[in-house]
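**Q** Have a look at the structure that comes next, please.
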Amino acid sequence: MDFPGSLPAAVAPLPGDVDPTDLLRGVLDVSLTALQLLRPVYAPDGAAIIDFTPEYTNPAGLRMLGYGQQPRGTMLELFPHTLANGIFAYYQRAFAAPEPLTYELNYQTDGLDNYFRVQARRQGPLLLVSFTDTSDQPRSAAEQFLRDSQAAEQAARTEAERQRQRFHEVLMQLPAYVAVYHGPDHTYQFVNPPYQGMFPDRSFPGRTLGEAIPEVHGLGVGALFDRVYQTGEPFHIPELEGWFDFKGSGEPEQVFLNLHLQPLRDAQGRVDGVLDYSYNITEQVRARRQVEQLNQELEARVQARTADLQESEMQFRTMADAAPAMLWVTDPAGQCTYLNAQWYQYTGQTEAEALGLGWTRAVHPDDAALARQQFLDANARRVPFHLRYRLRRHDGVYRWAIDAGQPRFAEDGPYAGFVGTVVDIHEQQLAEDELHATNTRLTRTNVDLDNFIYTASHDLKAPITNIEGLLLALEEELLPAARTGDVPLMLTMMQDAVDRFRRTIDHLTDLSRLQKEHSPDRDTVALAPVVEAVRLDLTPLLAQTQGRLTVDVPADLTVTFAEKNLRSVVYNLLSNAFKYRHPDRAPAVQLRARATDDHVVLEVQDNGLGLDLGQGEEKLFAMFQRLHTHVEGTGVGLYMVKRILENASGRIEVSSAVGQGSTFRVYFRR
């Protein structure tokens, strides 16, 4: 590069045998400070700077930026993250300022990890930039402390995430009903599969307890949740009775729950949520009540018996034989003294085979020892007995049954033995086993998918980097004479293929993160600044397409959403609107937002190619599916948008006409 002009008059004269240009070149070569000349790239109308092209970088600058020779390309092509970290905006300001401007930042993207101090000023039509890199200098104690603190913080976050994931896996596998609520309104943050299985048609995350399950208002449960949240003391409600419309049929069903409420605390020890841990004991309660009712009837008959005792015994047997369940009675030693007709009809046993402990011979050999042991133990301690086991039917088929019994006492107080029932629950048990197996398979499938995506994206990065390096080496080795015919086009196509492959790997990494992100942290985010930031990011695309973006977002409109996910949603919708433009007209895109009672609605309307929704919206939002294949893309963007919204209890809709344009509507729950 030539260095025109002469040294300023204020500089002391140089020896006569020293050429100023050679001296300046030598100074730049030996300088430990990086120096760079950037030429602005203007928009087609010449009004705004949309990029910078490096004209010259001295050796210190090449070393700090990791280049062996003068870089080729624009700044946004070489260092795309300068838009996000503020360097690009700083260069725009420095070019327009009358005096040099200074900027400092910790740059940890685009292959760099250093703390830069930068000063820049306009030099004629160019921007002169001087910067230093702390990797060339001993780090200050403060900077080293900051880096050590960041490393420690990252390690702590990793360990916390590992513990959180382990706790989440435990909750997902528990057979009980588990839910986690946040805040004084008891907003659902998590429900495990058994809890969701109770209400298959209801949505929980992001909704309050009263909104998701209005039946609790009649039970007074809300006040108990408030009590736990306000006092920080756990609470237990045994055998809570409630009526719930589980299937959405309009016909409530009775259920009994052992309800445990546990306060949850934040890092400062303050109560910020409630853990709901419940068991469904409906079958046990009904069986016990049936036994209790039977006991009451038996006791009433004993109290009312007369000399005609034989007639009373016959009446009891008639009643027991007519009962739909299998009934049994034992003496204080635990020996079965009576089984009703239902037992004999079901098992095919005779009285001689079944009485005493003979009933255990109808139990599956793998369950018989446990059934015998637990019953005799309950009899010895005179406590209720409850057990599931496989019982042989008269045709030799083993079916699941519940055996439940209660201790009984004579009128004058002595222990008299047990009375109990046996109920066939085979279909219910099979359904529970299938549900558990399905949940296990789904969990394993999700883990396998996450591992595959992570492994694929990780293992593919090295070979694609090698391919890119070989392609660059090939370009450097090719002599000008060899760059003829289709060679330049083929080199360009090869580089495009590498770029597309790298973007696909990045999308796979994003998908892996999204698969694990069920309840991302949410903040109250102003929508207008996020839209403006995305508009600035899309400035090159708007200039390239000569497109127009109209934004109508109230300044005070906010959404409760993770800010990074909100930015991703807006970016995908706007970039698609300009990418899929109609070839016969410049793209005109409108972004509008409004608030309703339940949602914040964001609309993106374009005048582009439009979509044939006859192919199915499910294809539009499916992974790696695209309705327009002539435009470059991976088919992941809309899938990720839909998944992000569903994770936050939102949704996305689309209306479109081929050749006229499309309108996407995003609903954020308020």
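**Q** Can you check what the net charge comes to around His364, using other residues whose Cβ is under 9 Å from the Cβ of His364 (Lys, Arg +1; Asp, Glu -1)?
**A** 0
**Q** Place +1 on the Cβ of every Lys and Arg and -1 on the Cβ of every Asp and Glu in region 174-280, take the dipole about the Cα centre, and give the residue among Gly269, Tyr181, Gly232 whose Cα lies farthest towards its positive end.
**A** Of the candidates, Gly269 comes out farthest on the positive side.
**Q** Which value, in debye to the nearest 20, describes the size of the charge dipole of region 20-137 about its Cα centre when Lys and Arg Cβ atoms bear +1, Asp and Glu Cβ atoms bear -1, and nothing else is charged?
**A** Values: 8 positive and 12 negative charges, 42 e Å.
That gives a dipole near 200 debye.
**Q** Also: So, in nm, how far is label Val654 from label Tyr67 when the simple model puts each one 7 Å beyond its Cα toward the Cβ?
**A** Using points 7 Å along Cα→Cβ, the separation is 4.0 nm.
**Q** Starting from a Cα-only point model with no solvent, please compute log10 I(q)/I(0) by Debye for region 215-259 at q = 0.17, 0.28 1/Å.
**A** -0.56, -1.03
**Q** Want the number for Asn106 to Gln303: 0.36 nm per residue separation, take away the alpha-carbon distance, what's left?
**A** Values: separation 197, 0.36 × 197 = 70.92 nm, distance 8.87 nm.
Additional length available on full extension: 62.1 nm.
**Q** Here's a follow-up. If you take the beta carbon distance between His236 and Asp185 as r and set R0 to 25 Å, what does 1/(1 + (r/R0)^6) give as a FRET efficiency, to the nearest 0.05?
**A** Working: r = 23 Å, r/R0 = 0.91.
E between His236 and Asp185, to the nearest 0.05, is 0.65.
**Q** Also, quick follow-up: Pick out, in residue order, every one of the trypsin sites (Lys or Arg not before Pro) in region 206-258 that is DSSP loop and has at most 16 other C-beta atoms within 10 Å; say none if there are none.
**A** Working: sites: Arg207, Arg227, Lys247; in loops: Arg207, Lys247.
Taking region 206-258 and a limit of 16 other Cβ atoms within 10 Å, the loop trypsin sites (Lys or Arg not before Pro) found are Lys247.
**Q** If you take the square roots of the eigenvalues of the alpha-carbon gyration tensor of region 523-669 and sort them as a ≥ b ≥ c, do you get rounded (a/c under 1.5), prolate (a/b over b/c) or oblate? Could the numbers behind the result be given before it?
**A** Working: a/c = 1.69, a/b = 1.25, b/c = 1.35.
Oblate is the answer for region 523-669, as a/c is 1.5 or above yet b/c matches or exceeds a/b.
We did not get these values from a lab; they are worked out from the coordinates using the rules stated. What you see is a predicted model; the values in this text were computed from it and never measured. So basically every Cβ, Gly included, is an ideal-geometry build from the backbone, and we count neighbours across all protein chains shown.
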